[in-house]
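Everything on this sheet refers to the single structure shown next.
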C-alpha cells in the first residue's frame, strides 16, 4: 500500500484497495484514541461504582469526556484528509467526482449510499475521465 493512497486526490482504486485503506484508517484511529484516553486518564468503562446513581454515573462520564473534546476534534481533523483522499479515489473508480463524499453528511441514507457505492459496487470498466482502470493495469 503506498502513501499516495492517503495523500492525493488523483487516480482510481478498486474495492480491495479501498477496504484495506479503510481498515488501516480504522486501526490508526483506534490506536490514537487509546493513546489519548490513557494520556488524559479517561477510562473506557466510565465510573464502575455499583452504588452510584445513574445521574452520578452520567455526570462522571460527562466530566471525563469533556477532557477529550478538543483532542478528539484534533484527531478527527488529522484523519479527515486521508479519509477524503481514499473516498475520492474510490468515487473516481465509479466515474464520479470526489465531491460525492458529501452525500455522507445525509443521516443514515448518505452513509448507506457511500457503503454500497464505494464498498460493494464495481468501478467502471476500462479508462474513464479519472484515469486507467486500476484492475486492468
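Averaging over all projection directions, the Cα-based convex hull of the stretch 31-137 occupies 9.6 nm² in the image plane. The Cα atoms of the stretch 8-91 give a gyration tensor whose axes a ≥ b ≥ c have a/c of 1.5 or more with a/b greater than b/c, which makes the shape prolate. Using the Cβ-Cβ distance between residue 55 and residue 115 with R0 set to 35 Å, the FRET efficiency from 1/(1 + (r/R0)^6) comes to roughly 0.40.
A short reminder: the numbers here are calculations on the coordinates, not readings from a lab. Note that the structure is a prediction, hence the values are computed from the model and not measured. For neighbour counting, all protein chains shown are included, and Cβ atoms are generated from backbone atoms with ideal geometry for every residue, glycine included.
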